[in-house]
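So the structure is just underneath, and the comments pick up after that.
What follows draws every value from the coordinates through simple rules; no lab data is involved. Owing to the predicted nature of the structure, the values given are computational and were not obtained by experimental measurement. Note: ideal-geometry Cβ built from the backbone for every residue, glycine included; neighbour counts use all protein chains shown.
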Amino acid sequence: YDRTNTLSSRQTMVHLFEWKWTDIANECENFLQNYGYGAVQISPPMEHITINQNNDMPWWVRYQPVSYKLDSRSGTEAELQDMINRCNKVGVRVVVDAVMNHMVGVGERQGADGVGSTANSAFDGTDGVETFPSVPYAAPSFNDQRCHRDIQDSDYQNSAENVRNCRLVGLLDLDQGNQAVRTSLAGYLNKLIDMGVAGFRFDASKHMWPGDLMPILNMTKNLRSDIFGANVRPFAVHEVIDRGGEAVTCGDYLNIGRYTNFNFGAAVSNAAKGYANWQSLSHLGPGYSYGNYEDHDVLNFIDNHDNQRDDNPYVVTYKNGDQYRMAVAFMLAWSYGYPRVMSSFYFNDHNQGPPNNGAGSGFATRSPTFNPDLTCNSDSGWVCEHRWPTIRQMSLFRSVSSGRAAAEVVTQSNRIAFARESAAFFALNGQSGDWTQTFQTTLPPGEYCDQYNGALDNNQCTSLKVSVGFDGKAVITIKGNQVVAVSQASRVDGP
Ligand code: ARE
Ligand code: CA
């Protein structure tokens, strides 16, 4: 379940958080395929609750399943299928956010206090009733007999049992040990596999037993052979937030796919904020610090849709501008793990839903609009970090670096430079003064265009040019708090 199932030349996943299926289909065709993006993580596609909270619909309704019908705020089943087809056709894979730990919050009920759902299925989450006939689930499908309360803060340190059997923020906790529940969950995954997805991001895996997840995963079919070839297993990444000191660890999940490595974004963000030395990241990889396992075990990212909403986030986010650009660029340049780029909408409030057309439209999600320079128009409400010039260029940098080790690593205080063996070269200067040096880039001789502050545009370099000699060496000046990045994807004179 570790394999990314992406094309080998497409090495970056993007999370198009809360995007509509029709917009994702267009994005695969018009943008992602041209910029090295190999997969899209989509918001949960199953039926979920709808609510009106302070004249808005919060983003997190997507994490309260009502059934596995494929009708959601992002669109219908037909739109989902069309999007999967169109993305696969241009070599961009779809990774589904699968919510298997729970259903709605306790007490939520169809029709009560303005609560509804995206396919109008009946459901009653009243404590002890707990019926979801469209799946179907009923009270015995849930963990109440094992734990009939919410997870408490102290449980995270002390009790894997409680973390896995009690309710996460009041969400009705499914019993994945129950055979009928397993069958329903595997049926949902198999339906998506039949539609052509490449794999899953499993929500709240920390709150499910690996011994229950394994048999559910083993009930899944191979991926579609017409798209992926014969005998390909789905990709799986488990959302396990493990920054140390807890009863449940990411190490518990290594046999059933990758895990979401929150330690990576923390380390890179610390350097970007100036709390740590960039030089120290030359060891960022297996064993660097707690929770960094092998390359094939980790999904790495700077921020995600949860921690970007923290008060004082411990990671950098789009709100940090240049620091964020540098952090994401480093992630994409460095060889460790499978990287995921966050793509957000602008928000001020934690609960704020995606850009939408208001109560009258049922809070229908709006589409992004685009500027001539291919970035998203901020008036449309979408940030589209994945389209920022630096980030899209660094995704290209990564795609040509695929399978190439980091080499020729040079460090100085708060400075780091390295090559990706004969494919690319990256130098980051965290000091305020210039850094001028002769570097071994490992690149074939020629002229390359800096992809961090510019790009090759119609064979014209819009930024600094780097000349690589016959010995692979180049004299490069990196300005203070700047980066120079060049690769086979930015070669001015063509190969
Ligand atoms: C909403 C309301 C709640 C209400 C609930 C039920 O906000 O007030 O009680 O509904 O009615 C998201 C939102 C939640 C939202 C939920 C359902 O974040 O606010 O609840 O959707 O609509 C833990 C888990 C981790 C989880 C994070 C958020 O371990 O799995 O909490 N992350 C995933 C998703 C979230 C999603 C859910 C799970 C639920 O990415 O977007 O919630 O599907 C330490 C621990 C972590 C812990 C963290 C926060 O760091 O190590 O394990 O994460 O604290 O508590
Ligand atoms: Ca659970």
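The separation of segment 275-350 from segment 183-248, counted between C-alpha centres, amounts to 23 Å. Show the residues, 5+ positions off or on another chain, whose built amide H is closer than 5 Å to the amide H of residue 482. Amide H to amide H, under 5 Å and 5 or more residues apart or across chains, residue 482 pairs with 429.
Derived scalar couplings between HN and Hα for segment 285-294 equal x, x, x, 4, 7, 3, x, 9, 8, 5 Hz in order, rounded to whole Hz, by the Karplus curve 6.51 cos²θ - 1.76 cosθ + 1.60 (θ = phi - 60°), x for Gly and Pro. Where only DSSP H runs of four or more residues are counted, the chain gives -6000 deg cm²/dmol as its mean residue ellipticity at 222 nm, each run worth -39500 (n - 2.57).
Distance from the alpha carbon centroid of segment 384-428 to that of segment 452-495 works out to 12 angstrom. Of 89/319; 206/319; 20/319; 20/69, which pairs sit farther than 26 Å apart, going by alpha carbon to alpha carbon? Beyond 26 Å: 89/319; 206/319. Starting from the Cα gyration tensor of segment 206-360, take the square roots of the eigenvalues, sort them a ≥ b ≥ c, and report rounded, prolate or oblate (rounded when a/c is under 1.5, otherwise prolate if a/b is larger than b/c, else oblate). It is oblate, given that a/c is not under 1.5 and a/b is not larger than b/c. Loop-located chymotrypsin sites (Phe, Trp or Tyr not before Pro) in segment 187-264 (DSSP state other than H, G, I, E, B) with a sparse environment of at most 15 neighbouring Cβ atoms within 10 Å are absent.
Mean separation of Cα pairs under 8 Å and 6+ residues apart, divided by the residue count of the chain: what relative contact order is that in percent? The normalised contact order for the chain reaches 13 percent.
Cα centroids of segment 155-182 and segment 73-145: 18 Å apart. Count Lys and Arg as plus one, Asp and Glu as minus one, and take only other residues whose Cβ is under 13 Å from that of residue 296; the net charge is then -2. Working note: Karplus 6.51/-1.76/1.60 with θ = phi - 60° gives segment 141-153 the couplings 6, 9, 8, 3, 5, 8, 7, 10, 6, 7, 5, 9, 3 Hz, where Gly and Pro are set to x. Farthest toward the dipole's positive end in segment 277-409, which of 293, 405, 365, given Cβ charges of +1 (Lys, Arg) and -1 (Asp, Glu) about the Cα centre? Farthest towards the positive end: 365. Take the Cβ atoms of residue 122 and residue 221, set R0 to 25 Å, and the FRET efficiency comes out at 0.25. What the phi angles of segment 355-366 give under the Karplus curve with 6.51, -1.76 and 1.60, with θ = phi - 60°, is a coupling list of x, 8, 9, x, 4, x, 9, x, 6, 4, 5, 8 Hz, glycine and proline written as x.
Absence of a disulfide-compatible partner, taken as no other cysteine beta carbon within less than 4.7 angstrom, is noted in the chain for 250. Annotation: amide H of residue 232 within the under-5 Å range of 223, sequence separation 5 or more or interchain, hydrogens built in the peptide plane. Between residue 410 and 417, 418, the built amide H atoms are under 5 Å apart, and every one of these is 5 or more places off in sequence or on another chain.
Each Lys and Arg adds +1 at its Cβ and each Asp and Glu adds -1 at its Cβ; summed about the Cα centre, segment 106-202 shows a dipole of about 360 debye.
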